[in-house]
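Colleague: So that we are looking at the same thing, I have put the structure below in structure tokens.
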Amino acid sequence: MSLGIRHDEAAAGRRAGGADPAAVPPAVRSRPPGWRDPRLWIGLLIVAVSVVGGSRLLAAADDTVAVWAVSEDRGPGSALTEADLVVRRVRFADEGDLAAYYPAGATLPADLRLARAVGAGELLPRSAVGTAEQQAGLVELPVAVEAEQVPPSVTTGSTVDVYLAGKPVLREASVVDAPSAESGFGTTGGRRQLVLSVPEEAAAAYFEAVAAVDAPVLTVVGRS
């Protein structure tokens, strides 16, 4: 059966310039560059330089140091261990300032006690600590003051002056305990009780001054 096409006519068509399906070249797929390709090495070099440069930039930007800070308000005479401290990262404008504090990696002295009050979150200064022997001369003095004669900002860890009839009877006393008036603790008949840490001789002078007045009126002044 013939479809109307003669083989000699197809061959004549190829000779006349027609396309031969068998003569079409196969498609060539693109190949990834080999390890000898310089473009690969240039790309790796660019990545390496970027990583190193970024690391140095971050290291230069983070010039903070880790130091110990007190986790809660503590009054003078309080014993401190690492359990009472937290680590804070701080940037000091002057590198010499770091010497005034305890780096987080440093070993704390044994029998560490506060010589003055330190507030929660405050860095632990070397000047604020001592030993139990150094704190032997301090006593805790309870002082009852009319609530309106105590600033609301006075809390545990504050430093205050106490005045009697307008004259100072205690200077730079550290507040060991200061229950708030709202809590109901440490309040009697509208007065607020503070527990102060003072030297023994200062406590003796305070009692002598209060005993010399018939109706003593105390005023507490907070120090910043």
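Colleague: Using the structure shown, decide if residue 174 is exposed (fewer than 12 other Cβ atoms within 10 Å of the Cβ), in contact (Cβ under 8 Å) with a residue 12 or more places away in the chain and assigned by TED's automatic domain parsing to the domain that holds residue 206.
Modeller: no
Colleague: Within the range 109-129, count every residue that is farther than 18 Å from residue 172 by Cα, surrounded by 15 or more Cβ atoms within 10 Å (Cβ to Cβ), among the hydrophobic types (A, V, I, L, M, F, W, C) and under 19 Å from the mean Cα position of the chain (by Cα).
Modeller: Within the range 109-129, residues that are farther than 18 Å from residue 172 by Cα, surrounded by 15 or more Cβ atoms within 10 Å (Cβ to Cβ), among the hydrophobic types (A, V, I, L, M, F, W, C) and under 19 Å from the mean Cα position of the chain (by Cα) number 2.
Colleague: Related question: Determine whether residue 219 is at pLDDT 85 or above, surrounded by 12 or more Cβ atoms within 10 Å (Cβ to Cβ) and of a type outside the set (A, V, I, L, M, F, W, C). Give the derivation first.
Modeller: Numbers: at pLDDT 85 or above: yes; surrounded by 12 or more Cβ atoms within 10 Å (Cβ to Cβ): yes; of a type outside the set (A, V, I, L, M, F, W, C): yes.
Considered against the rule, which asks whether it is at pLDDT 85 or above, surrounded by 12 or more Cβ atoms within 10 Å (Cβ to Cβ) and of a type outside the set (A, V, I, L, M, F, W, C), residue 219 comes out as yes.
Colleague: Let me ask something else. Looking at (1) surrounded by fewer than 16 Cβ atoms within 10 Å (Cβ to Cβ); (2) at pLDDT below 85; (3) within 28 Å of residue 113 (Cα to Cα), find the lone condition where residue 190 falls short.
Modeller: All conditions are met except number (3).
Colleague: Of (1) modelled with pLDDT under 80; (2) under 30 Å from residue 108 (Cβ atoms); (3) not in a helix (DSSP H, G or I), residue 173 satisfies all except one. Which?
Modeller: All conditions are met except number (1).
Colleague: Only residues in the range 104-132 that are closer than 17 Å to residue 77 by Cβ count as the first member; pair them with residues that are part of a loop (DSSP other than H, G, I, E, B) and hydroxyl-bearing (Ser, Thr, Tyr), Cβ under 6 angstrom, at least 6 apart or cross-chain, and list the lot.
Modeller: Qualifying pairs under 6 Å: 111/131; 114/78; 124/102.
The values are calculated or read from the model by the stated rules, or taken from the named source; none is laboratory data. Predicted model only: the values in this text are computed from it and were never measured. Counting neighbours? That spans all protein chains shown, and the Cβs are built from the backbone with ideal geometry, glycine included.
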